[in-house]
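The structure that follows is given in the form of structure tokens.
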Amino acid sequence: MEAWKFAVLFFCAFLGGAAIFLVKSDKSKLLKLILSFSGAYLFAITVLHLIPDAYSGPDKGQIGIFILIGFLLQIFLEQFSEGVEHGHIHKHHDGNVFPFGIMISLCLHAFLEGMPLAKDQHNELIFGISLHHIPAAFALASILMQNHFKKGSIIIYLLIFAVMAPLGFYVSIGLSNGTIGGIDAYFNKIMGIVIGIFLHISTTILFESSADHKINTRKMIAVLLGIGVALIGFFAGHSH
């Protein structure tokens with residue numbers, strides 16, 4: 001993995017969470033716009049790149065099943081993460097109780113999101129995933145702070161979360177070239193699961209980040225920009 005890819009994935013997640021120590025006012029409106037942009041971008045990239053590639057393999061007849069598995073898996077994960085990957089911040093945790101469900105499901109989610117980056121043609125996903133992890137990391141840090149965790153502990157947990165997507169990338173490379181277990185034949189099926197997760201996350205972000213599910217002007221602009229950036233990358237890639 002090129003150093004710049006690791007840096008973008010890692011530092012967007014880590015600094016997004018570390019921003020909790022600097023924010024003195026409510027930035028929820030800005031976070032919602034970032035969420036809307038990244039959700040639209042992820043949805044467009046999934047439709048334009050990931051789905052066509054997944055269905056181009058010899059096992060394309062089974063890909064739909066794995067997309068459904070990924071979609072249902074994300075629903076299951078959210079029973080433990082409580083929507084933190086959508087930037088949701090909950091305030092009902094008490095004392096110094098560590099939110100294991102949130103941490104584990106969020107890390108697994110980030111790990112799976114890093115897996116599509118194994119193919120060079122999906123480099124544009126780095127931008128969308130990195131943006132998506134900013135509010136997720138911020139929400140995680142907020143929950144830990146509300147539970148009265150010390151600054152050092154919060155930083156350690158943010159480091160763990162930030163390394164998950166790059167780790168998913170490395171494992172994905174091993175799966176795709178057969179160096180890990182020789183199961184490269186299953187790579188497209190894994191991609192199907194990731195597609196299902198992306199579809200759930202992106203559509204949930206788009207529909208849940210506005211009151212009464214109404215899209216205001218600023219959110220519409222953010223959504224159109226996200227789709228527009230994805231389309232620019234799509235046509236630029238097909239022009240070569």
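Search segment 51-68 for residues being open to solvent by less than 40 Å² (accessible area, probe 1.4 Å) and modelled with pLDDT under 85, and hand back the single one that is nearest to Ala141 (Cα to Cα). Spell out how you get there, then give the answer.
From segment 51-68, those open to solvent by less than 40 Å² (accessible area, probe 1.4 Å) are 54, 57, 59, 63-64, 67; that's our starting set.
The next check asks that each one be modelled with pLDDT under 85; those that pass are 54, 57, 59.
Details: Ala54: 35, Gly57: 40, Asp59: 41 Å.
Per the stated criteria, the residue is Ala54.
Looking at segment 135-153 only, could you name the residues that are of a type outside the set (Gly, Ala, Ser) and either surrounded by 15 or more Cβ atoms within 10 Å (Cβ to Cβ) or assigned to a helix (DSSP H, G or I) (or both)?
Here is the first cut: in segment 135-153, the ones of a type outside the set (Gly, Ala, Ser) are 135, 138, 140, 143-151.
Selection gives Pro135, Phe138, Leu140, Ile143, Leu144, Met145, Gln146, Asn147, Phe149, Lys151.
Would you mind finding the one in Gly196, Gly168 that is farther than 14 Å from Phe10 by Cβ and either at pLDDT below 85 or part of a helix (DSSP H, G or I) (or both)? Walk me through how you get there before you give the answer.
On the way: Gly168 fails: farther than 14 Å from Phe10 by Cβ.
So the residue among Gly196, Gly168 that is farther than 14 Å from Phe10 by Cβ and either at pLDDT below 85 or part of a helix (DSSP H, G or I) (or both) is Gly196.
Name every residue in segment 36-50 that is surrounded by 24 or more Cβ atoms within 10 Å (Cβ to Cβ) and among the aliphatic types (A, V, I, L, M), in order of residue number.
Those that are surrounded by 24 or more Cβ atoms within 10 Å (Cβ to Cβ) and among the aliphatic types (A, V, I, L, M): Ala40, Leu42, Ile45.
I need the full set of residues from segment 96-123 which are under 21 Å from Phe11 (Cβ atoms), touching a His at 6+ places or on another chain (Cβ under 9 Å), crowded, with 20+ Cβ neighbours inside 10 Å and at pLDDT below 75, in order please.
Listed by number, the list holds a single entry, Pro116.
Also, I was wondering about something else. Read through the list (1) at pLDDT 75 or above; (2) open to solvent by 10 Å² or more (accessible area, probe 1.4 Å), then give the number of the only condition that Gly181 fails.
Of (1) at pLDDT 75 or above; (2) open to solvent by 10 Å² or more (accessible area, probe 1.4 Å), only one is false for Gly181: (1).
Condition check: among the hydroxyl-bearing types (Ser, Thr, Tyr), under 23 Å from Ala236 (Cα atoms) and modelled with pLDDT of 80 or more. Does Ser130 satisfy that?
Answer is yes for this residue.
The values are calculated or read from the model by the stated rules, or taken from the named source; none is laboratory data. The structure presented is a predicted model; accordingly, all values stated were derived computationally and were not measured. Cβ sites come from the backbone with ideal geometry, for glycine too, and all protein chains shown count toward neighbours. For accessibility, only protein heavy atoms count, side chains too; no ligands or nucleic acids. Shrake-Rupley method; radii C 1.70, N 1.55, O 1.52, S 1.80 Å.
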